[in-house]
Amino acid sequence: MHAALFAAVFIALYVAHVLGDHWVQSSCQASTKGDEGWAGRLACARHVATLTLTKAVALAVVAALLDLHLTLAGIAIGMTVDAASHYWADRRSTLLRLAKALGRAGYPEYVTIVRRPGEEADTTGPGTGAFHLDQSWHLLWLLVAALVIATV
């Protein structure tokens, strides 16, 4: 039973993650959440709040439609772990420092979006090494959150 419950929870969280990270997130949040100071911190917090709400709604709908038996403790712990890990990574410098510490600093520098001749390469947007590191980090923590939600 845990495997099916885990699968349903993970799929709900994953779909909501993609929607929340790419459709619900505002352009302002996307462009400023990694900035230094309170403006960046608040933009990141607003993004994580709307993302977490998106995930909670998706999880509630899936749980209701599939009659999933989830505990409030599991949901609270899992969603908190996911939100905290998402905020940490989306401050950008934190994840890039981790990549550097693990010997992966060259990946976000190498994998860039090539622009027209004379334009600088984009090193932070979708399709870049930093974006891939960001999304893979989020998927790792979605896995952890789904395991917690399904088993607590």
* **Gyration tensor verdict on region 52-107 (Cα atoms; rounded if a/c is under 1.5, prolate if a/b is larger than b/c, oblate otherwise)** => prolate
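Return the tail of the calculated pair distribution for region 1-64, meaning the percent of Cα-Cα pairs more than 20 Å apart. If you can, show how the numbers build up before the last one.
On the way: 720 of 2016 pairs.
More than 20 Å apart: 36 percent of the Cα pairs in region 1-64.
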* From the phi of every residue in region 16-23, what ³J(HN,Hα) in whole Hz does the Karplus formula 6.51 cos²θ - 1.76 cosθ + 1.60 yield, where θ is phi - 60° and glycine or proline is x? -> 5, 4, 4, 4, x, 7, 10, 10
* Integer Hz, Karplus 6.51/-1.76/1.60 couplings in order for region 93-98, x for Gly and Pro -> 4, 5, 5, 5, 5, 5
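Any read-out appearing in this document is the output of simple, stated calculations on the displayed coordinates, not a laboratory observation. If you're wondering where the values come from, they're calculated on a predicted model, not measured in any experiment.
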